[in-house]
Amino acid sequence: MDDFLAACRLCVGQANVLTTEQDKTPYETEWRRRVQGKALAVIRPGNTDEVAAIVALCLAHRVPIVPQGGNTGLVIGSIPDQQGRAIILSLRRMTQIRAVDAGNFTLVAEAGCTLAQVQQAADAAGLLFPLSLASEGSCTIGGNLASNAGGTAVLRYGNARELCLGLEVVCANGQIWHGLSGLRKDNTGYDLRQLYIGSEGTLGIITAAVLKLYPKPAAQKTAWLALESPQQALQILRAASQALGAMLTTFELMADICLQLVLQHIPGSTPPLAQPAPYYILLELSDQESEQHANAAMEQLLQHLFETGLISDAVIAVSLQQARQLWSLRENISMAQAAKGKNLKHDISVPISAIPAFITQTNALLQQHFPACQVVCFGHMGDGNLHYNVSPPSDNQDAFFAAEKQITTLVHDQVQLFHGSISAEHGIGAMKRADLAKYTSPTDMLLMRTIKQALDPLDIMNPGKIL
């Protein structure tokens, strides 16, 4: 491989071909530090032409490629296996905002731009890029698109897929597809960008994207609601949708254990209400009219919810700081759970109407088969996506983790029973590859393998992920 690495150095420069263990380790290590891969080298191109040149070299030398953005994924999708044959191709140097077209409500960003950087560029133009994730300071737009990220505003704006109009992609044959179209209507043949969005780097490498921007809301209002059950949450969602219409931006459901974990493990956290409740909703509306109109809409909704007995308490944020404090309680759940200890994560979705029954039945089954386990359930109820995490009992952790496969099978079997998905927004990666084949129809698998074979016949693009 010396000739290959020498050629890579000529393409991207000596400093951007990392081969020492010390330099490679941060790129080889999964975000949760549960898995570490082994790479031949980490290569950091600075532009699309360099990416294409590296892909061409990998094709010629039959070297597998693992594309990587911020390496914040949770399904082992952006690190290599243990063989040491693959390179990690890091896009972190490609951080240019190439263009902002305020008249077309679009922005062109390179794949290595962080989500926060894209949000800031939109804000500087007086516009909004609505994708919002807890990891937005470190995750990259290329990774967001490659995994079809969701986040907290899907209810109003859709997943990353809905926020992208065009792509620039380096294909598995080393050619560049120049698909940076800002058109909202274009029926000239297949919509190629949709093949690459959500493909987790297995078909090609996204190097830039045209992203949709939106007018900034005139006002945003955030409220924290206390309630008794997921069934009430479903009724509240229906009422909020009817009362607010397109203004309803966020509808996050959390069990009380989520709040208690944050209060215990995140310094500075304070309870938003005087008394705890079994469940909470973080609700946000965005209003294009005025602050006064937003206040009236939120107050009218909460009055209706109190009068109908759907909520027992609530608080409306009266300042941006208070809104951020409420959001921090939601966004720090995963960090708080990690601080408590290892747990089993399930990123699932079911039809919104089935969420109460899914939670009730699955919680009961877990307690029946794995007594004293703790279900840390929270997520984007407005779009049907739950982060259904299971923590071990305090006195029998070894037996719990020894049964990891059985626990995940129970949860995923329940997801299938309710006609859901075992991956709502995190992707498949290597972690869920076997489950994808188990819970997906043979026809679906055949179609996916046919596409993979057609676009990457030598299987050099992120091998072992998804398929």
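For segment 249-259, the condition of being of a type in the set (S, T, N, Q) and surrounded by fewer than 23 Cβ atoms within 10 Å (Cβ to Cβ) holds for none of the residues.
In summary, Met298 fulfils each of the numbered conditions (1) hydrophobic (A, V, I, L, M, F, W, C); (2) surrounded by fewer than 21 Cβ atoms within 10 Å (Cβ to Cβ); (3) in contact (Cβ under 8 Å) with a residue 60 or more places away in the chain; (4) more than 27 Å from His426 (Cα to Cα) with the single exception of condition (2). Only one of the numbered conditions (1) assigned to a loop (DSSP other than H, G, I, E, B); (2) without any contact (Cβ under 8 Å) to a residue 60 or more places away in the chain; (3) not charged (D, E, K, R) is violated by His178, and that is (1).
Filter segment 229-255 down to the residues that are charged (D, E, K, R) and out of contact with any strand residue (DSSP E or B) (no Cβ under 7 Å at 6 or more places or on another chain) and list them by number. Talk me through it step by step, then tell me what you get.
Narrowing segment 229-255 to residues charged (D, E, K, R): 238, 252.
Once the filter is applied, which keeps residues that are charged (D, E, K, R) and out of contact with any strand residue (DSSP E or B) (no Cβ under 7 Å at 6 or more places or on another chain), segment 229-255 yields only Arg238.
So, of the residues in segment 25-45 that are surrounded by 19 or more Cβ atoms within 10 Å (Cβ to Cβ) and out of contact with any helix residue (DSSP H, G or I) (no Cβ under 7 Å at 6 or more places or on another chain), which turns out to be farthest from Ala6 (Cα to Cα)? Only one residue tops the list, namely Glu30. If the condition is being farther than 18 Å from Ala233 by Cα, over 28 Å from the mean Cα position of the chain (by Cα) and open to solvent by 50 Å² or more (accessible area, probe 1.4 Å), then segment 276-294 contributes Glu289, Glu291, Gln292, His293.
Checked against the criterion of being charged (D, E, K, R) and closer than 19 Å to Ile206 by Cα, the candidates Lys465, Lys405, Lys432 yield just one match: Lys465. When we screen His412, His387 for residues that are open to solvent by less than 60 Å² (accessible area, probe 1.4 Å) and within 19 Å of Glu252 (Cβ to Cβ), the only hit is His387.
If you filter segment 317-356 down to residues that are outside any loop (DSSP other than H, G, I, E, B), open to solvent by 10 Å² or more (accessible area, probe 1.4 Å) and polar (S, T, N, Q), you find that the one that is farthest from Pro392 (Cα to Cα) is Gln321. Screening Pro45, Pro67 for residues that are under 23 Å from Leu458 (Cα atoms), part of a loop (DSSP other than H, G, I, E, B) and modelled with pLDDT of 95 or more leaves exactly one candidate, Pro45.
Within segment 321-346, the set of residues being touching a strand residue (DSSP E or B) at 6+ places or on another chain (Cβ under 6 Å) and among the charged types (D, E, K, R) comprises Arg330, Lys345. State whether one or more residues within segment 201-210 are surrounded by fewer than 16 Cβ atoms within 10 Å (Cβ to Cβ) and modelled with pLDDT of 95 or more. No.
Take the conditions among the hydrophobic types (A, V, I, L, M, F, W, C), open to solvent by less than 20 Å² (accessible area, probe 1.4 Å), part of a strand (DSSP E or B) and touching a Ser or Thr at 6+ places or on another chain (Cβ under 7 Å) and apply them to Leu165. Does it pass? Judged against the criteria, Leu165 is a match. Of the residues that make up segment 432-454, is at least one within 24 Å of Val51 (Cα to Cα) and in a loop (DSSP other than H, G, I, E, B)? Looking for residues that are within 24 Å of Val51 (Cα to Cα) and in a loop (DSSP other than H, G, I, E, B), one finds none in segment 432-454, hence no. The numbered conditions (1) of a type outside the set (Lys, Arg); (2) farther than 23 Å from Arg32 by Cβ; (3) part of a strand (DSSP E or B) are all true for Ile88 except (2).
Would a scan of segment 69-83 turn up a residue that is in contact with a Gly (Cβ under 9 Å, 6 or more places away or on another chain), among the hydroxyl-bearing types (Ser, Thr, Tyr), crowded, with 20+ Cβ neighbours inside 10 Å and touching a residue at least 12 places away in the same chain (Cβ under 8 Å)? Yes, segment 69-83 contains at least one residue that is in contact with a Gly (Cβ under 9 Å, 6 or more places away or on another chain), among the hydroxyl-bearing types (Ser, Thr, Tyr), crowded, with 20+ Cβ neighbours inside 10 Å and touching a residue at least 12 places away in the same chain (Cβ under 8 Å). Where residues in segment 111-128 are in contact with a strand residue (DSSP E or B) (Cβ under 6 Å, 6 or more places away or on another chain) and part of a loop (DSSP other than H, G, I, E, B), which of them is surrounded by the fewest Cβ atoms within 10 Å (Cβ to Cβ)? It comes out as Ala125.
Taken as a whole, segment 77-87 holds at least one residue that is modelled with pLDDT of 95 or more and at positive phi. Residues of segment 430-467 that are β-branched (Val, Ile, Thr) and without any contact (Cβ under 8 Å) to a residue 24 or more places away in the chain: Thr440, Thr443, Thr450.
When segment 92-136 is examined, which residues are found to be touching a Leu at 6+ places or on another chain (Cβ under 8 Å), without any contact (Cβ under 8 Å) to a residue 60 or more places away in the chain and within 25 Å of Val42 (Cβ to Cβ)? Ile97, Gly112, Leu115, Leu133, Glu136, listed by residue number. Provide a single number: the residues in segment 7-24 that are open to solvent by 50 Å² or more (accessible area, probe 1.4 Å), out of contact with any Lys or Arg (no Cβ under 9 Å at 6 or more places or on another chain) and either part of a strand (DSSP E or B) or not basic (Lys, Arg) (or both). Number satisfying all stated conditions: 7.
Filtering segment 357-381 to residues that are assigned to a helix (DSSP H, G or I), open to solvent by less than 10 Å² (accessible area, probe 1.4 Å) and either under 15 Å from Ala255 (Cα atoms) or touching a Leu at 6+ places or on another chain (Cβ under 6 Å) (or both) leaves Phe358, Ile359, Thr362, Met381. Going through (1) open to solvent by 10 Å² or more (accessible area, probe 1.4 Å); (2) in a loop (DSSP other than H, G, I, E, B); (3) touching a helix residue (DSSP H, G or I) at 6+ places or on another chain (Cβ under 8 Å) one by one, Gly189 falls short only on (3).
The values are calculated or read from the model by the stated rules, or taken from the named source; none is laboratory data. Owing to the predicted nature of the structure, the values given are computational and were not obtained by experimental measurement. Please note: Cβ atoms are built from the backbone with ideal geometry, for glycine as well, and neighbour counts cover all protein chains shown. Remember, those area values only see protein heavy atoms, side chains included, never the ligands or the DNA or RNA. Shrake-Rupley method; radii C 1.70, N 1.55, O 1.52, S 1.80 Å.
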